[in-house]
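Following: one structure in structure tokens, then a few remarks.
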Amino acid sequence: MEKDRITEAERKALVRARTQTLLVRRLSEQIRKESPDGLHSIVPDGMPRARGGMARGLDAQLAKREALQRMAARESALMREYEKEARSAMDRMGPEDYAFCALYYLAALSISEVAEALERSERQCLRYKRRIEGEE
């Protein structure tokens, strides 16, 4: 059990990795929503169709999509850094806690999804979480 004890900095690294993974996932979903099927293939041709030579509102959609893509790239790089920190925190854990952390913190799955993947009860997964986050 003493092998499973992690420091406060390692706990924070795990939580930070989960939060960042969720953020990147939400950004990716938003990019998919902002990308109608034909939007990626439209190229501004300079024809006078509204301001800026593009169909009305299309330039704003393209700008928003590009901004989201830049933000997602930046946040993904941060996510990889946080994952490295979290993995180093996980190195000293036992196999059950390690598997839980990989799914809950790094893959950012819900407790019910983790329980299903580990073939454990949700209650047991909540025990893992409490033990790791020091709430016992």
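Mind listing whichever residues of the stretch 84-120 are open to solvent by 60 Å² or more (accessible area, probe 1.4 Å), in a loop (DSSP other than H, G, I, E, B) and either more than 20 Å from Gln20 (Cβ to Cβ) or in contact with a Ser or Thr (Cβ under 8 Å, 6 or more places away or on another chain) (or both)? Of everything in the stretch 84-120, those that are open to solvent by 60 Å² or more (accessible area, probe 1.4 Å), in a loop (DSSP other than H, G, I, E, B) and either more than 20 Å from Gln20 (Cβ to Cβ) or in contact with a Ser or Thr (Cβ under 8 Å, 6 or more places away or on another chain) (or both) turn out to be Arg92, Glu119, Arg120. Exactly one residue among Lys33, Lys64, Lys3, Lys12 is out of contact with any helix residue (DSSP H, G or I) (no Cβ under 7 Å at 6 or more places or on another chain), within 30 Å of Ser88 (Cβ to Cβ), at pLDDT 80 or above and not aliphatic (A, V, I, L, M), and that residue is Lys12.
Restricting attention to the stretch 73-83, does a residue exist that is within 15 Å of the chain's Cα centre (by Cα), over 14 Å from Thr19 (Cα atoms), without any contact (Cβ under 8 Å) to a residue 24 or more places away in the chain and assigned to a helix (DSSP H, G or I)? Yes, the stretch 73-83 contains at least one residue that is within 15 Å of the chain's Cα centre (by Cα), over 14 Å from Thr19 (Cα atoms), without any contact (Cβ under 8 Å) to a residue 24 or more places away in the chain and assigned to a helix (DSSP H, G or I). Taking Ala55 as the residue in question, decide whether it is modelled with pLDDT under 90 and loosely packed, with under 13 Cβ neighbours inside 10 Å. In short, no.
The values are calculated or read from the model by the stated rules, or taken from the named source; none is laboratory data. Just so we're clear, the structure is a prediction, and the values are computed from it rather than from any experiment. As a convention, Cβ positions derive from the backbone with ideal geometry for all residues, glycine included, and neighbour counts pool all protein chains shown. Areas reflect the complete protein model, heavy atoms only, side chains present, ligands, DNA and RNA absent. Shrake-Rupley method; radii C 1.70, N 1.55, O 1.52, S 1.80 Å.
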